[in-house]
Amino acid sequence: ADSIFKCQAKFANNEMTSESSVTLNVFTIAQTPAKNIIAVGETETLTCTVSDNTGTVAYSWNKDGSPIDGAASQLVVTPSDVNGKAGQYTCSVTVTNGEVTSKSFSPDTGSAIDVFDVAITPEKLGAEVGKESTLTCTITKSSDSATVKYKWSKKNAASTFDDISEETQAEYKFTPTDISLAGTYICEGEVSEGGVSSTYHSSGESTVQVFGIDEATSTASAIIKTGDGITLSCVLNVGSKSQVAEVKWFKGSTDGTAIFTDAATVFADDKLTTTYKKEKSTDCDSALIPLL
């Protein structure tokens, strides 16, 4: 607001006076938010507000004491990585009223911005029935002293995500008993510091494919005499044929070179059947092992 101050001088003969006035423009400056925590890819808008002012305001911004681009009352911060945009932001203003321009002023409190990112690994996981598998959630943050929370979810038939309420750790360990645990998983992270918490944020998904040998219909063992042929079959419980890129057969162990790649697998009723036909056996043949 403007305040007018007057100075009056009266001469000794009391017949003449001289008067001069000074207009003082008084304003206040504030900046919001004082602190926030955002994820990579999210947007935060910093606002510099000048109140009770009748002049023209010019804005500038700095980050950690160094000038940055920005000549408006608002500054939009959108981090593309964890460390690039994290820091202390402060606006500065000068006010021009008539022919007079003030010096540069800044608010008592700027804006502290922390940044974090969330990653889930692996992006694709093949889980075998009866064996433990692990998904890992990694939260990278600009502030070492910030605390984190984890939340795991699985996509449902409606393409929305249901919370796995019992899982709040960085690792989600599970042992499938059937193929029902196959699907798409996400991990969301929340970061907190100084009484401020971010929203839950996720980045990326993990596709889990579950398979298991159907022992009831697969060839477990066979005894034949030298010179006979045999067809071996391996039946896999899988959610869809698209989950299996290819099936290879090995002799003895999977450490060597595959002896057969089956591209003509048959899929029906959540089961994928692969077969290996050997026309003639020799006395040195050993076990044949299928591998997805």
(message) Between K155 and E246, what is 0.36 nm times their sequence separation minus the Cα-Cα distance? Round to one decimal in nm.
(response) 30.2 nm
(message) Using the basic label-point model (7 angstrom from Cα toward the beta carbon), what is the S218 to Q88 distance in nanometres?
(response) 6.2
(message) Taking θ = phi - 60°, what integer Hz values does the Karplus form 6.51 cos²θ - 1.76 cosθ + 1.60 yield along region 101-113, in sequence order, with x for Gly and Pro?
(response) 10, 6, 6, 7, 10, 10, x, 5, 10, x, 10, 8, 10
(request) Provide the per-residue ³J(HN,Hα) series for region 67-78, in order, calculated from phi with Karplus coefficients 6.51, -1.76, 1.60 and θ = phi - 60°, each as a whole number of Hz, with x at glycine and proline positions. (result) x, 10, 5, x, 10, 10, 6, 10, 10, 9, 10, 10
(request) Report the calculated FRET efficiency for E42 and T121 (r = Cβ-Cβ distance, R0 = 25 Å), to the nearest 0.05. (result) 0.70
(message) Please list, in order along region 248-257, the HN-Hα scalar couplings obtained from phi with the Karplus expression 6.51 cos²θ - 1.76 cosθ + 1.60 (θ = phi - 60°), rounded to whole Hz, x for Gly and Pro.
(response) 10, 10, 10, 9, x, 8, 8, 7, x, 8
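Considering only protein heavy atoms, what per residue accessible area in square angstrom results for region 120-169 with a 1.4 angstrom probe?
Counting only protein heavy atoms, the per-residue value for region 120-169 is 62 Å².
Past 28 Å, Cα to Cα, is the threshold; run K155/K248; K35/K149; K131/K271 against it and keep the listed order.
Numbers: K155/K248 31 Å; K35/K149 19 Å; K131/K271 19 Å.
The pairs that break the limit, which is 28 Å between Cα atoms, are K155/K248.
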(request) Ignoring everything but the protein chains, give the 1.4 Å probe accessible area of I37 in square angstrom, nearest 10. (result) 10
(request) Please give the length that would be gained between E132 and S51 if that part of the chain were fully extended, namely 0.36 nm times their separation in residues minus their C-alpha to C-alpha distance (nm, one decimal). (result) 23.0 nm
(request) Would you kindly compute the Cα radius of gyration of region 48-179 and its largest Cα-Cα separation (Dmax), both in Å? (result) 24.1, 81
(request) Would you calculate the separation in nanometres between label points at D178 and D255, each defined as 7 Å from the Cα along the Cα-to-beta-carbon direction? (result) 3.8
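The values are calculated or read from the model by the stated rules, or taken from the named source; none is laboratory data. A quick note: this is a predicted structure, and the numbers were derived from the prediction, not measured. Glycine gets a Cβ as well: all are built from the backbone with ideal geometry, and neighbour counts include every protein chain shown. Areas reflect the complete protein model, heavy atoms only, side chains present, ligands, DNA and RNA absent. Shrake-Rupley method; radii C 1.70, N 1.55, O 1.52, S 1.80 Å.
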